[in-house]
Amino acid sequence: MSALDIDFIRSQFPAFSEPSLAGQAFFENAGGSYTCKQVVDRLHRFYRERKVQPYAPYEASRLGGEEMDEARSRLAALMNIHSDELSFGPSTSQNTYVLAHAFGQMLSAGDAIIVTDQDHEANTGVWRRLAAQGIEVREWHVDAESGQLDLKTLASILDESVKLVCFPHCSNIVGQENPVADIARMAHGVGAVTCTDGVSMAPHGLPDIHALGTDIYLFSSYKTYGPHQGIMFVARDLADRLPNQAHFFNSDVRYKRFTPAGPDHAQIAACAGMADYIDLIHKHHFAPNADAAARGRAVRQLQRDHEDLILAPLLDYLRSRNDIRILGTDKVGYRVPTVAVHSDKPAPDLAKRLVQHGVMAGGGDFYAVRLIEAMGVKSDPGVLRLSFVHYTHADEVQKLITALDATL
């Protein structure tokens, strides 16, 4: 099957049959997605049947531990990485905070790191604070008009003093998909490692992390149809070099080294439902394939093709108006369907008015204050953000366009 079966997809999400949500089109997916039923079912089962300390010999405990291990191994396989390179933490913000503390112990005064002003604050603020330890912080600035990051600008600030380059796979405002593999090659060429914030990209298809070549990749499962967890990849060689941040007796277990907080057993186990969902999509649309990474790539492409198809009419409509500014490109194929617009009307007010038309969206800065202000927009009141994913129906996009026409 060459096109996404949208009716089948939507049948996997309880929200679309929930009476309290009937008639409402959801366009704040960048803030958190609906949860697929496979995750809901696993979470419910864990709390009913396995809510005990895992990894003990009795049955409920054994099954709980096995399900936690299943989540790690199956998600790692879909993303083409080793299972001991994948960690679960309370959130991506917390995971990044812990990593920054580890790098702060490893780096020396005079070492340099690169951050961007295109990031969500969680992937820039913690790194910038290393300046207090004598670490040089260099900023890779966006173009003020387009909000894009340019590799030539990176090259001008990248040298052998740089030990770490932190950047987003995709901006949560301008929707740009950055060339991770190219950036990683450039960084590795001067002996630096890379940290990629994938929070805004992973909802549009889990990445093939091995192909990207980055050393660290982080995203949030509550934006990829799962529970509220942060998921983090740290490459084996880097994980072994960074100082342990967990209990000393866990220092030889890679996936525990950077999660000092106790794990949320139920939510980790429920993340296996994300793998269930991706495999179900593949089974419904494609011939069987035993290679998990290949299944992940095929499903990702299916998701992106559908998103591009229904993004086109929204961008066409927004481009036709002379009273708004689209932040980022207005061309399909160069961005994900996270579209921020600025007008002379306060963004939070526009979001409230859209509710009257059955549209759920958001207005504000979305923790991208540096980016918004770099593009000449006041972070208060910010921008109206319209974001969707592969389960969004073309009819909902048309509903959004009608609502915008009445609201703007």
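Excluding ligands, DNA and RNA, the accessible surface per residue across the chain is 40 Å² with a 1.4 Å probe.
Cross-link check: pairs Lys51/Lys163; Lys163/Lys256; Lys152/Lys378; Lys223/Lys345 evaluated at a Cα-Cα cut-off of 32 Å; pairs beyond the cut-off: Lys51/Lys163. With a ≥ b ≥ c taken as the square roots of the eigenvalues of the C-alpha gyration tensor of the range 255-319, please select rounded if a/c is under 1.5 and otherwise prolate if a/b is larger than b/c or oblate if it is not? Taking the square roots of the gyration eigenvalues as a ≥ b ≥ c, the range 255-319 is oblate. 3J(HN,Hα) along the range 375-388, derived from phi through the Karplus expression 6.51 cos²θ - 1.76 cosθ + 1.60 where θ = phi - 60°, amounts to 8, x, 10, 6, 5, 10, x, x, 10, 8, 10, 10, 10, 9 Hz, with x in place of Gly and Pro. Shape analysis of the range 43-274 yields a ratio of the Cα radius of gyration to the Kirkwood radius, Rg/Rh, of 0.99.
Kyte-Doolittle mean at least -0.5 and Cα extent at least 18 Å along the axis: which DSSP H helices of the chain qualify?
Numbers: long enough: 59-78 (28 Å, -0.64); 92-106 (21 Å, -0.09); 272-285 (20 Å, -0.28); 292-320 (42 Å, -0.36); 394-407 (20 Å, 0.17).
In the chain, the long hydrophobic H runs are 92-106, 272-285, 292-320, 394-407.
Relative to the Cα centre, the charge distribution of the range 43-274, modelled as +1 at Lys and Arg Cβ and -1 at Asp and Glu Cβ, gives a dipole magnitude of about 760 debye. Leaving out ligands, DNA and RNA, what percent of the accessible area of the range 1-69 is carbon and sulfur, probe 1.4 Å? Reported share for carbon and sulfur atoms: 53 percent.
Taken about its Cα centre, the chain carries a charge dipole of about 560 debye when Lys and Arg each add +1 at the Cβ and Asp and Glu each add -1 at the Cβ. Each DSSP beta bridge with both residues in the chain is either parallel or antiparallel, and the antiparallel ones are about 50%. Taking amide H as placed 1.01 Å from N in the peptide plane, the amide H of Leu386 sits under 5 Å from that of Val339, Ala340, Val341, each at least 5 places away or on another chain.
Shown here are the Rg and Dmax of the Cα trace of the range 274-408, at 17.2, 53 Å. At 1.4 Å probe size, with the rest of the protein present, what percent of the exposed accessible area of the range 268-408 is carbon and sulfur atoms? The C+S portion of the solvent-accessible surface of the range 268-408 is 52 percent. For the range 126-180, the convex hull spanned by the alpha carbon atoms encloses 99 Å³ per residue.
The values are calculated or read from the model by the stated rules, or taken from the named source; none is laboratory data. Keep in mind that what you see is a predicted model, and the values were worked out from it rather than measured. Reconstructed Cβ throughout: ideal geometry from the backbone, glycine too, with neighbour counts over all protein chains shown. Please note that ligands, DNA and RNA were not included when accessible areas were found on the heavy atoms of the full protein model with its side chains. Shrake-Rupley method; radii C 1.70, N 1.55, O 1.52, S 1.80 Å.
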